[in-house]
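Single-structure report; data block below.
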């Protein structure tokens with residue numbers, strides 16, 4: 001075990017680079033074929049701290065493990081590996097434990113550590129990452145927080161926050177830029193010279209024999225000190241900003257912990273009373289990998305915690321893991337015998353966590369988009385389909401019956417048609433469905449868009465619509481059905497294309513407010529750089545990240561967004577998640593508006609969708625009602641409020 | 001003094017949707033043409049190093065969405081421009097007629113210090129199509145318009161075939177450079193401040 005863990009830090013240039021970049025995809029166990037021991041000895045990886053019986057309490061059950069600090073070269077890493085085969089009575093599988101495993105997080109990715117020393121119960125720490133997300137609290141059943149912090153201090157710069165003596169800011173001094181900044185600004189703000197002896201950790205309050213289940217959950221939700229924000233100093237003080245930020249994050253983290261815990265409790269309680277179908281559903285939510293074949297093989301073995309790749313991406317984020325797509329077998333469990341969706345919330349939730357098998361999209365997208373209602377039966381949907389088909393033909397006929405002579409005197413029609421024709425021939429032509437000369441699907445794309453511009457003559461056609469329609473036509477593979485699904489989508493996204501751009505402005509405004517809430521240093525950075533208009537996110541929002549992901553991923557993202565779970569505006573949290581993921585690069589390289597726009601444009605094809613969705617989910621839960629309050633009513637994809645005139649004022653604030 | 005001179009020249013390409021703005025930019029910078037360019041959403045830019053009289057400059061060429069509806073974004077993208085390229089498709093009257101709108105909209109949104117003398121360059125693109133047989137805007141007509149707008153330099157190009165693209169952009173770069181230097185002479189005191197700390201008074205901050 002020891003060998004394999006040291007081996008985790010094998011000297012792989014790509015791996016080291018990925019760590020330096022703060023990549024969330026920490027892949028540690030993917031090269032077990034290398035001759036490990038000799039390599040790791042050469043690396044000089046050294047365990048500088050090891051503590052048994054450090055536990056997390058993700059549910060009412062605790063998971064115990066070993067916490068270690070590992071030094072490799074000039075870098076320090078923290079790992080927390082749950083014990084194998086212990087805790088069998090907790091009802092948690094090895095997969096659950098593996099999910100929470102902290103695999104060698106470098107201290108360059110850790111922003112701060114907060115120590116909690118409650119009068120009763122165990123001491124615990126919360127490790128906050130530079131992304132703003134945090135691991136669950138780590139409880140030291142056998143003491144050792146003081147020693148832990150002291151060890152860290154020997155290897156990386158650890159400074160006590162000026163704001164709160166229990167918060168320790170981590171600075172690894174990896175880059176010269178950081179070194180310069182810190183030597184210039186940090187020393188006058190925070191006491192650097194404090195030795196470990198000054199940390200008055202009272203370990204005598206620890207009671208190792210205490211019943212585990214008693215205090216775990218309680219501790220998770222107490223002892224968040226009230227934080228009173230002081231008036232901002234005129235002199236810009238990064239250390240102060242950082243600590244304020246850190247404290248704000250802690251309150252969010254605790255809130256998240258509470259919600260997650262109570263949610264799990266709720267689900268466990270319902271479980272006892274529910275039908276078989278419902279139980280299956282909950283089980284799937286709680287224990288996602290069970291339905292995947294890979295995980296299924298090892299599910300009953302206590303000894304072998306798999307180092308499979310599927311878990312590697314999960315360890316950094318304290319949120320629910322993504323699931324495999326919903327398949328037809330599971331889909332019918334959401335329907336009654338006549339085809340009605342019995343529990344649309346559970347269904348949306350399931351789709352949120354895993355998306356849909358491609359062959360299901362054709363049936364489900366119409367429901368998600370609101371074209372078909374959840375309480376409609378198979379027969380009713382078939383009937384609506386035929387009614388809507390003739391309705392579509394009628395609208396289409398309106399422009400088809402325009403004669404050449406009439407068109408000559410109908411400039412607006414000719415212009416619209418021209419614009420649409422120019423765009424459909426350059427929309428997703430590399431996708432098989434649309435590729436090649438004289439592809440009939442390209443003509444269908446044109447016909448639907450032209451028909452839509454008659455159906456909604458005021459909105460007409462706008463660039464970006466062809467991007468939104470293309471996957472819908474591909475999935476529906478029926479002109480009329482695709483049209484009506486597109487209509488349903490445009491009910492929500494139409495304002496993106498308004499002439500006054502108010503839909504876009506309100507979303508960019510809301511985005512700026514969310515970043516302000518969830519990452520105030522980044523917000524301040526954008527403000528300083530005159531980037532608060534967030535135009536660099538324009539493409540993301542206008543066409544729902546269509547240009548940022550490959551086709552299949554786009555479809556997955558869209559169905560996830562359309563579930564409106566956990567937030568109707570999850571796409572804005574997706575924006576925040578991506579920005580946060582690259583925040584250190586953005587600020588470290590001091591990007592201005594131009595380079596930021598370039599950087600964002602070039603992220604296309606390089607965004608890890610699953611990790612981003614997990615971040616976005618965690619962020620939306622963190623932001624909670626406060627986040628929702630920052631999004632103006634009627635902001636797309638919310639349905640429009642009556643002639644929302646309040647946008648105008650807010651535009652001024654941003655633009 | 002020479003060390004103070006700006007080395008970044010910002011060029012904005014404007015024109016109707018589908019006239020070939022992205023293609024022109026890519027032909028000039030990457031010497032490539034593709035039928036697969038998607039409609040530009042928002043904005044993007046490419047950079048290219050250019051040399052004039054032993055001095056190196058970075059030409060930053062901005063490609064924007066062509067639909068009128070997105071013009072309100074211009075404020076963010078046009079500011080600080082040193083030259084504006086107006087592109088039309090010689091096979092589309094409408095795209096030529098719209099040059100005037102694009103020019104005026106640019107002057108309003110970019111708000112250059114000396115709008116009368118702000119350098120524009122006009123490009124008539126797609127001369128290759130159908131061997132020129134589908135052409136509907138004559139060179140004479142285009143040149144007349146350019147002359148009337150203060151002798152705007154005019155080029156006819158094919159981004160697809162790479163015809164005249166290099167020549168057009170050389171003029172564009174030269175005019176941008178001239179514009180940048182004139183601005184220095186024109187506002188000698190503000191250049192230093194602008195280069196060092198970029199304070200901008202948009203009225204909504206601090």
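Computed FRET efficiency, Cβ-Cβ of residue A:74 and residue A:344, R0 60 Å: what is it to the nearest 0.05?
Taking R0 as 60 Å, the efficiency between residue A:74 and residue A:344 is 0.65.
So how do A:344, B:34 line up by other beta-carbon neighbours within 10 Å, fewest first?
B:34, A:344
Expected output is a single nm value to one decimal: the length gained when fully extending between residue A:639 and residue A:459, i.e. 0.36 nm times separation in residues minus the C-alpha distance. What is it?
63.2 nm is the gain from fully extending residue A:639 to residue A:459.
Please give the length that would be gained between residue A:439 and residue A:393 if that part of the chain were fully extended, namely 0.36 nm times their separation in residues minus their C-alpha to C-alpha distance (nm, one decimal).
14.4 nm
Find how much the distance from residue A:337 to residue A:606 grows on full extension, using 0.36 nm per residue of separation minus their present alpha carbon separation; answer in nm with one decimal.
Extra length from residue A:337 to residue A:606 when fully extended: 92.6 nm.
Once Rh for the range A:498-642 is found with the Kirkwood sum over Cα pairs, what is the Stokes-Einstein diffusion coefficient at 4 °C and 1.567 mPa s, in µm²/s?
85 µm²/s
Hey, what's the Kirkwood Rh for the range B:44-89 if you take every pair of different alpha carbons, in angstrom?
Its Kirkwood hydrodynamic radius stands at 12.5 Å.
Cut-off is 10 Å between beta-carbons; in what order do A:124, A:551, A:378 appear when sorted fewest neighbours first?
A:378, A:551, A:124
Rounded, prolate or oblate: which fits the range B:2-197, taking a ≥ b ≥ c as square roots of the Cα gyration tensor eigenvalues, rounded meaning a/c under 1.5, else prolate when a/b beats b/c?
prolate
Modelling each spin label as a point 7 Å along the Cα-to-Cβ direction, I'd like the residue B:147/residue A:385 distance in nm, to one decimal.
In this crude spin-label approximation the distance works out to 6.5 nm.
Give me the one-decimal nm value for the distance between modelled label points at residue A:415 and residue B:113, 7 Å along each residue's Cα-to-Cβ direction.
Modelled inter-label distance: 3.7 nm.
I'd like the FRET efficiency for residue A:359 and residue A:564, computed as 1/(1 + (r/R0)^6) with the beta carbon distance as r and R0 of 22 Å, rounded to 0.05.
Efficiency at R0 = 22 Å is approximately 0.40.
For residue A:432 and residue A:52, what does the FRET efficiency come to when R0 = 41 Å and r is the distance between their Cβ atoms, rounded to the nearest 0.05?
Efficiency at R0 = 41 Å is approximately 0.15.
What order do you get for A:513, B:31 when you list them from fewest to most C-beta neighbours inside 10 Å?
B:31, A:513
A short reminder: the numbers here are calculations on the coordinates, not readings from a lab. Keep in mind it's a predicted model, so treat the numbers as computed, not measured. Please note: Cβ atoms are built from the backbone with ideal geometry, for glycine as well, and neighbour counts cover all protein chains shown.
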